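Reviewing the structure listed below.
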Amino acid sequence: MNILLKIVGVVLAIVGFILTIKPNLVTTISESVTPYQMIEKRVIWGSLIGLGIFLMSSHHLESWKTGIFAFLSALTLGIIISRLIGLMMDGFYLKQLLWLATEIIFLVIFGLLYWKNK
């Protein structure tokens, strides 16, 4: 079962990366979308990357608290990765950098809580 979760995690992460790079494979994107909005469309697929990371790295979690903090850390990391990809592909914007900084702060908080409960 553990190997199956890792395989599903790898598949989800790969699909998340592909959809982050090419979000128009699933959704239609109008011509009037600004680069800022395009980054936001890419960030949605970061949740797939995060879920894949969680499934790949989920070992025997001792408690439900540890599992929740591991899930939130992985989800936040996936969103950060997709935002960085969006920033590289669509350009840098101050508001996007502020979102990135906020997400990094949450990643540190969730990571510390995971480490403390582990």
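In the range 91-112, the residues that are closer than 14 Å to residue 80 by Cα and without any contact (Cβ under 8 Å) to a residue 12 or more places away in the chain form no Cβ pair under 6 Å with any partner that is of a type outside the set (S, T, N, Q) and surrounded by fewer than 18 Cβ atoms within 10 Å (Cβ to Cβ), whether six or more places apart or across chains. Is it fair to say residue 76 is assigned to a helix (DSSP H, G or I), touching a Lys or Arg at 6+ places or on another chain (Cβ under 6 Å) and hydroxyl-bearing (Ser, Thr, Tyr)? No.
Just one residue in the set 78, 86 is small (Gly, Ala, Ser), more than 30 Å from residue 3 (Cβ to Cβ) and surrounded by 14 or more Cβ atoms within 10 Å (Cβ to Cβ); that residue is 86.
Confirm whether residue 27 is touching a residue at least 12 places away in the same chain (Cβ under 8 Å) and surrounded by 14 or more Cβ atoms within 10 Å (Cβ to Cβ). It is false that residue 27 is touching a residue at least 12 places away in the same chain (Cβ under 8 Å) and surrounded by 14 or more Cβ atoms within 10 Å (Cβ to Cβ).
Of all the residues in the range 36-88, those that are closer than 16 Å to residue 116 by Cα and among the hydroxyl-bearing types (Ser, Thr, Tyr) number 3.
The residue that is farthest from the chain's Cα centre (by Cα), among those in the range 1-36 that are polar (S, T, N, Q) and at pLDDT below 90, is 32. Give me the residue from the range 1-24 that is within 13 Å of residue 56 (Cβ to Cβ) and not hydrophobic (A, V, I, L, M, F, W, C) and, out of that set, surrounded by the fewest Cβ atoms within 10 Å (Cβ to Cβ). That would be 2.
The values are calculated or read from the model by the stated rules, or taken from the named source; none is laboratory data. No experiment lies behind these values; they were computed from the predicted model shown. Methodologically, a virtual Cβ is constructed for each residue, glycine included, from the backbone with ideal geometry; neighbour enumeration extends over all protein chains shown.
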